[in-house]
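Reviewing the structure listed below.
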Amino acid sequence: MRNSIQKIFKKQYKTINTDSFLLRIKATIIGEGMLHEGNIYLMDYAIQNMPDNGIVFEIGSYAGLSTNVMLHLLEKHRKKHLFVGCDAWIYEGFKDHTGIIEEHIDGKPNVARKEYVAYIKNAFVNAAKLLHPNAKPHTCHLPSDAFFDTWNTTNKFTDVFDRTFSIQQEISFSYIDGDHSYEQTKKDFENVDSKLKLNGFILLDDSAKHLNFGSSDFIQEIKQNDRYRIIDHNPNYLIQKIK
Ligand SMILES: C[S@@+](CC[C@H](N)C(=O)[O-])C[C@H]1O[C@@H](n2cnc3c(N)ncnc32)[C@H](O)[C@@H]1O
């Protein structure tokens with residue numbers, strides 16, 4: 001009995017617990033529940049081993065927790081890769097899937113969704129300015145499909161810091177953490193795959209076997225895809241393009 005209780009509470013995944021900045025960051029940036037500690041371990045692996053001359057690309061930035069973790073790891077491992085990302089900054093209400101879209105956030109009729117997402121986006125901007133003032137991310141306020149449409153057409157972007165830029169390199173590592181439906185996960189994967197360098201990595205959030213998300217259904221398909229190999233699951237999956 002004691003053993004099985006210990007097993008339940010024992011961490012079943014690998015973590016990085018010697019980096020003071022990473023130990024502190026969840027108390028600094030909004031969104032603690034959104035970033036699994038095991039993902040940080042996999043980001044660290046991907047950033048150390050990703051191909052050179054490419055970008056790091058994130059879908060789904062929220063208030064900047066994962067963004068600043070990756071920016072920190074880039075700095076720590078002396079990687080010069082440009083950091084690019086996108087977020088639609090939409091509020092995902094508990095009842096949205098039923099077709100009832102309330103104008104306010106869950107449980108607070110006097111707080112408008114619009115105000116809430118503006119607060120989250122502002123938190124993203126402030127966190128990056130505070131923690132990485134010299135390496136601010138090129139994150140754009142765009143849904144992922146629109147981001148790739150722009151990349152494939154004009155290739156002219158404006159990020160949330162009002163800087164204009166274009167992308168001159170393919171992707172070395174991508175963290176996909178936007179809309180977790182099966183359909184959008186598949187689309188995000190296909191778009192990233194079309195720009196991913198050989199030996200580049202993708203970390204798919206909420207793809208762990210035990211989860212009930214489209215992203216965890218989608219990863220089952222990747223297991224049959226011979227162009228990709230699974231590097232690790234901790235518990236979410238890190239995969240590498242090998243063909
Ligand atoms: C789970 S949160 C991301 C958390 C963040 N990666 C972190 O760990 O701090 C998901 C984010 O995806 C965004 N999102 C939802 N659908 C999207 C889409 N189609 N394209 C881009 N972002 C999207 C939401 O606005 C939300 O901020």
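Just to be sure I understand the model, the point goes 7 Å from the Cα along the line to the Cβ. What's the resulting Lys186 to Met34 distance in nm?
Those two pseudo-labels are separated by 2.6 nm.
Using a basic spin-label model with each label point 7 Å from the Cα along Cα→Cβ, how many nm lie between Asp162 and Ile100?
4.2 nm
If I model a spin label at Phe21 and Asp217 as a point 7 Å from the Cα along the Cα→Cβ vector, what separation in nanometres do I get?
Those two pseudo-labels are separated by 3.9 nm.
For the residues Thr185, Thr15, what sequence is obtained by ranking on other C-beta atoms within 10 Å, fewest first?
Taking fewest neighbouring Cβ atoms as first place, the list is Thr15, Thr185.
Indicate, rounded to the nearest 5 percent, the antiparallel portion of the DSSP beta bridges found entirely in region 12-241.
40 percent
Please list the radius of gyration and Dmax for the chain, considering alpha-carbon atoms only, with Å as the unit.
In Å, with Rg to one decimal and Dmax whole: 18.0, 62.
For region 93-103, in order, what is each residue's ³J(HN,Hα) by Karplus, 6.51 cos²θ - 1.76 cosθ + 1.60 with θ = phi - 60°, in whole Hz (x at glycine and Pro)?
x, 4, 9, 3, 5, 8, x, 8, 9, 7, 7
Amide H neighbours of Gly85 under 5 Å, counting only residues 5+ apart in sequence or on other chains, H built in-plane at 1.01 Å?
Counting only residues 5 or more places away or on other chains, the set is Glu58, His138, Thr139, Cys140.
Every read-out reported here was derived from the displayed coordinates using simple, explicitly stated rules and does not represent laboratory data. Computed from a predicted structure; not experimentally measured. Methodologically, a virtual Cβ is constructed for each residue, glycine included, from the backbone with ideal geometry; neighbour enumeration extends over all protein chains shown.
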